[in-house]
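Here the structure comes first, spelled out in structure tokens, and everything after it is commentary.
The values are calculated or read from the model by the stated rules, or taken from the named source; none is laboratory data. Everything numeric here is computed off the predicted structure, so don't read it as measured data. Cβ placement follows ideal geometry from the backbone for every residue including glycine, while neighbour counts extend to all protein chains displayed.
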Amino acid sequence: MNEIRKRKVESLLQAKLAEMILLQDIKDPRINSFICVNRVDVSNDLSYGKVYIGSFQRDSTLEKAVEALNHAVGYIHGVLGKKLPLRSVPHLTFLVDHSIEDAMSLNRKIDEINAQ
């Protein structure tokens, strides 16, 4: 598979999924607008994809949101099939990504060191 095509599909999926979450297309109270789509990785044949979900909040809502997204994957697949110019939409799996929390923690530690 062409690497450029793969990156374009990943970018397109990331944008559409972020739009769905932001506009609250998925009617589940566990999914709020504080979560974000950090990264999308698709397989070389574009049949499978991993979606990494992060949050700016420090509580356990991220795990619940990812659980809700995995539960609604059929609905999400159907909506993406209508919105995306792809022959077939990859089968998506949503995963928790703590990179935002880790980066914020690292920033706080750097600020503490600079303050001393």
Note on His98: of the conditions (1) at pLDDT 85 or above; (2) within 12 Å of the chain's Cα centre (by Cα), unmet is (1)
Of (1) over 19 Å from Arg39 (Cα atoms); (2) touching a residue at least 40 places away in the same chain (Cβ under 8 Å), Glu101 fails just (1)
| said: Checking the structure you have, find out if any residue of the stretch 31-52 is free of Cβ contacts under 8 Å to residues at least 60 places away in the same chain, assigned to a helix (DSSP H, G or I), buried (at least 16 other Cβ atoms within 10 Å of the Cβ) and more than 15 Å from the chain's Cα centre (by Cα). | reply: no
Arg87 passes all but one of the listed conditions (1) in a loop (DSSP other than H, G, I, E, B); (2) charged (D, E, K, R); (3) farther than 20 Å from Lys6 by Cβ; the exception is number (3)
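Scan Leu22, Leu17 and give me the residue that is modelled with pLDDT of 90 or more and either under 14 Å from the mean Cα position of the chain (by Cα) or within 15 Å of Leu95 (Cβ to Cβ) (or both).
Numbers: Leu22 fails: modelled with pLDDT of 90 or more.
Going through Leu22, Leu17 in turn, just one is modelled with pLDDT of 90 or more and either under 14 Å from the mean Cα position of the chain (by Cα) or within 15 Å of Leu95 (Cβ to Cβ) (or both): Leu17.
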